[in-house]
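Below you'll find the structure, written out as structure tokens, and then a few comments.
The values are calculated or read from the model by the stated rules, or taken from the named source; none is laboratory data. Bear in mind that the values here come from a model prediction, so they are computed numbers and not experimental data. A quick note on method: Cβ atoms are made from the backbone with ideal geometry, for glycine too, and the neighbour counts reach across all protein chains shown. For the accessible areas, the whole protein counts, side chains as well, though only heavy atoms, and no ligand, DNA or RNA atoms are used. Shrake-Rupley method; radii C 1.70, N 1.55, O 1.52, S 1.80 Å.
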Amino acid sequence: MNTSVLSRRSVLLGLAGVAGCGVPAAYVAPGDRGGADRSSRDKRLVFANWPLYIDTDDEDSNRRPTLDAFEKRSGISVDYVEEINDNDEFFGKISPSLMNHQPTDRDLIVISDWMCARFVRLGWVQEMDRARQPNVTRYLDPLLRSPAFDPGRKFTVPWQSGITGIAYNRRRLGREIRHVSDLWASDLKGRVTLLSGLDEAFALLMQGNGVDVTRWTADDFHTVCDQVDRQVRSGQIRRFTGNDYIKDLSSGDVLACQAYSGDVIQLQADDPDIRFVVPEEGAELWSESLMIPNLAAHKANAERLVDHYYEPEVAAELAAWVNYVCPVPAARDVLASSGDEELAALAEDPLIFPDDSMRERLAIARDITSEERVDFGKRWNAIAGL
């Protein structure tokens with residue numbers, strides 16, 4: 001998988017002060033978010049997404065079957081732009097327009113939920129009209145329906161989801177890993193990596209301490225920092241990584257690490273000894289979500305496209321290509337009954353469709369507030385050497 005895709009969850013806090021705090025003048029009140037919607041007379045929309053995050057035709061990479069089907073059915077032309085390579089970078093690109101009450105020239109964007117939280121807090125995205133989205137209402141995974149930053153998912157709809165857990169090499173390690181605390185075992189000294197980004201790393205480590213991450217506190221955060229600092233000083237942690245943990249785990253330099261479920265599916269194709277575990281204490285469920293920016297010129301068209309991807313058949317086609325956790329559980333039955341052996345196997349993969357026992361251990365972490373972000377970022381970055 002291309003590294004530009006793999007960087008989605010491994011960004012640094014480069015613009016944390018600006019993005020997290022903003023200034024009071026940056027907030028946009030609900031009445032000032034909508035613009036003149038040209039959808040009924042202008043059958044098009046602009047959709048900004050990450051590279052390699054949609055299905056493509058095996059014979060022609062410029063064709064995107066699920067998107068082509070929407071265009072044919074709806075008569076709406078989609079200008080699909082693969083321009084998002086980093087959450088903070090994209091924030092920097094479009095924030096001047098949003099802050100100054102100007103259109104972004106984009107009708108639909110996909111960013112990580114921790115960044116979505118900032119957009120929602122700043123009032124930079126519009127509430128979606130669920131009357132135009134019966135599939136979202138019916139099929140959105142209950143686990144993803146009400147994150148702390150957007151209760152009821154009024155402003156955001158998951159595009160794809162994933163799990164932050166632990167990956168390890170079962171053959172090289174010679175035993176199983178079941179707990180976060182197993183990372184601190186003596187036989188793993190110098191062979192463990194953690195994720196470098198604060199937003200990516202903290203929740204799983206808190207869960208290892210038995211914390212309910214939907215309502216964690218500052219004390220929970222500092223407890224984790226104290227623990228990680230000790231493990232850095234003792235030499236237990238080899239380094240902090242972005243998605244380059246993939247290389248370390250494949251080479252054997254690292255035996256266990258914090259990892260994303262979508263990456264491990266790719267790794268397992270080359271090395272079946274690579275395992276992914278949702279620790280018994282739990283793991284973080286995260287999403288990258290669709291949002292409609294303020295003053296979007298084609299809001300209704302964008303809402304129709306979002307709902308298109310929540311048809312189980314369409315969601316199944318996308319899931320089979322991208323291999324992330326599918327936010328439409330009903331897509332599992334579509335794949336299972338497809339008559340295709342390979343697709344039916346995907347329906348049984350718990351890293352695409354988590355089984356009941358895994359689902360019980362997944363939670364969406366409360367996001368880091370703007371008031372917390374600067375101080376927490378400084379402390380974490382000092383430990384991680386950023």
Would you mind checking segment 372-386 for residues with the amide N under 17 Å from a putative spin-label position 7 Å along Cα→C-beta of Arg233? 379-385
³J(HN,Hα) computed for each position of segment 136-141 - Karplus, 6.51 cos²θ - 1.76 cosθ + 1.60, integer Hz, glycine/proline x: 4, 4, 7, 10, 4, 3
Taking Cα atoms only, helix 218-233 is inclined relative to the longest principal axis of the chain by an angle, in degrees rounded to 10, of 50 degrees
Filtered hits (aspartates and glutamates, Cα-Cα < 12 Å from Lys299, offset >= 8 within chain) -> Asp37, Asp42, Asp105, Asp107, Glu127, Asp129
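Expected output is a single nm value to one decimal: the length gained when fully extending between Thr369 and Leu52, i.e. 0.36 nm times separation in residues minus the C-alpha distance. What is it? Spell out each step's value before the answer.
Numbers: separation 317, 0.36 × 317 = 114.12 nm, distance 3.04 nm.
Value of the extension gain: 111.1 nm.
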antiparallel share of DSSP beta bridges within the chain, to nearest 5, in %, is 60 percent
Would you tally the net charge around Arg172, using a Cβ to Cβ cut-off of less than 14 Å, leaving Arg172 out, and scoring K and R as +1, D and E as -1? -1
Between the Cα axis of helix 65-74 and the main Cα principal axis of the chain, the angle (0 to 90°, nearest 10) is 20 degrees
Run the accessible area of the chain with a 1.4 Å probe and give the carbon-and-sulfur part as a rounded percent. 47 percent
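For the chain, what mean projected area does the convex hull of the alpha carbons give, in nm²? Write down the numbers at each step before the final one.
Working: hull surface 73.0 nm².
Projected over every direction and averaged, the Cα hull of the chain covers 18.3 nm².
Work out, step by step, the length gained on full extension between Glu280 and Val81: first 0.36 nm times the residue separation, then minus their alpha carbon distance; give nm to one decimal.
In short, 67.7 nm is gained.
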So what's segment 113-259 giving for Rg/Rh, alpha carbon basis, Kirkwood Rh from the mean inverse pair distance? 1.05
How big is the convex hull of the Cα atoms of segment 246-289, per residue, in Å³? 83 Å³
Return the aspartates and glutamates within reach of Lys378: Cα separation strictly under 18 angstrom, same-chain partners fewer than 8 residues apart disregarded; answer none if there are no such residues. Asp88, Asp199, Glu200, Asp219, Asp220, Asp226, Asp229, Asp367
Computed FRET value (nearest 0.05) for Asp32 with Arg130, which takes r as the C-beta separation and R₀ as 22 Å: 0.50
What three numbers, in Å, describe the spread of the alpha carbons of segment 118-173 along their principal axes, ordered from the longest? 52, 28, 15
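Can you figure out the FRET efficiency of Asn209 with Ser146, using R₀ = 30 Å and their beta-carbon distance, to the nearest 0.05? Working shown, then result.
On the way: r = 24 Å, r/R0 = 0.81.
With a Förster radius of 30 Å, E is 0.80.
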Where the Cα atoms of segment 216-325 are projected onto their three principal axes, how long is each span, largest first, in whole Å? 56, 40, 26
Under 13 Å by backbone N from the virtual spin label 7 Å along Cα-to-Cβ at Arg172, the residues of segment 179-195 are 188-193
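Quote the relative contact order of the chain in percent (integer), defining contacts as alpha-carbon pairs under 8 Å separated by 6+ residues.
Details: 704 pairs, mean separation 107.2, N = 386.
RCO, the chain: 28 percent.
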Scoring only Lys, Arg, Asp and Glu (+1, +1, -1, -1) among other residues with Cβ under 11 Å from the Cβ of Gly190 yields +2
